[in-house]
Structure formats: structure tokens, C-alpha cells
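The values are calculated or read from the model by the stated rules, or taken from the named source; none is laboratory data. All values reported here derive from a predicted model rather than from experimental measurement. Please note: Cβ atoms are built from the backbone with ideal geometry, for glycine as well, and neighbour counts cover all protein chains shown. Protein only, heavy atoms only, side chains kept; ligands, DNA and RNA dropped before computing areas. Shrake-Rupley method; radii C 1.70, N 1.55, O 1.52, S 1.80 Å.
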Amino acid sequence: VQTVAAQDAPAYHALISAFAARTGIPALLNTSFNDREPIVATPAQALRTFTRDLTGLDGLAMGRWWLTRDAMNQTP
């Protein structure tokens with residue numbers, strides 16, 4: 001288990017706190033981000049991997065951005 005202090009990583013701590021408030025689970029699982037390809041290293045690679053239909057991912061958090069598969073499938 002790795003703990004995150006607000007003074008050391010305020011944005012990540014806020015994310016974990018928001019997740020805990022919403023779900024009652026004060027933890028996140030951080031894994032490598034790849035799907036039948038090398039580990040994602042750039043924002044462009046992350047977007048490409050996320051937008052592929054085969055990944056099964058529901059959302060992508062990148063910096064202050066949050067993209068969901070549902071939002072991608074909506075027409076304006």
C-alpha cells in the first residue's frame with residue numbers, strides 16, 4: 001500500500017478524496033496503461049489507446065481533463 005499526503009501530492013490526494021466521497025472506497029488502483037501495445041507514454045498515445053473500441057475503458061483522466069466513453073458517443 002502506498003499512501004498519499006495532501007501536502008506531497010495535492011491533486012492526487014484530492015482525486016482519491018473525491019473518489020472516497022463518491023464510492024466510500026478511499027483507494028485507487030494504479031496500473032500500467034496499455035492494451036496489446038507498449039505502455040502509453042504521451043497524451044496522444046493515451047487518447048489513441050482510449051478511443052480504440054477494444055480497450056473496454058470507461059474513462060480517461062489526464063491532468064485536469066476527464067473524458068468518458070459515454071461523452072464520446074454523444075452527438076452534439
Between 44, 11, 21, find the one with the highest GNM mean-square fluctuation for the chain; connect C-alpha pairs within less than 10 Å.
21
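Just from its helices, what would the mean residue ellipticity at 222 nm be for the chain, if runs of 4 or more DSSP H residues each count -39500 (n - 2.57) and the sum is divided by every residue, rounded to the nearest 500 deg cm²/dmol?
Values: 3 runs with 27 residues, N = 76.
Mean residue ellipticity at 222 nm (helix-derived): -10000 deg cm²/dmol.
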Have a look at 33, 19, 50 and tell me which one the Gaussian network model of the chain (Cα, springs below 10 Å) gives the largest fluctuation.
19
Which angle between 0 and 90 degrees, to the nearest 10, do you get for helix 10-23 versus the longest principal axis of the chain when only C-alpha atoms count?
80
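Using a simple charge model, +1 on the beta-carbon of Lys and Arg, -1 on the beta-carbon of Asp and Glu, nothing else, what dipole does the chain show about its Cα centre, in debye to the nearest 20? If you can, show how the numbers build up before the last one.
On the way: 6 positive and 6 negative charges, 17 e Å.
It works out to roughly 80 debye.
Could you please state how large a percent of the accessible area of the chain is carbon and sulfur, counting protein chains only and using a 1.4 Å probe? Show your work: numbers first, answer last.
Values: 3670 of 6320 Å².
Carbon and sulfur atoms account for 58 percent of the accessible area of the chain.
Protein chains only, probe 1.4 Å: how do 52, 69 rank by accessible area, largest first?
Values: 52 65, 69 40 Å².
If we order 52, 69 from most to least accessible, we get 52, 69.
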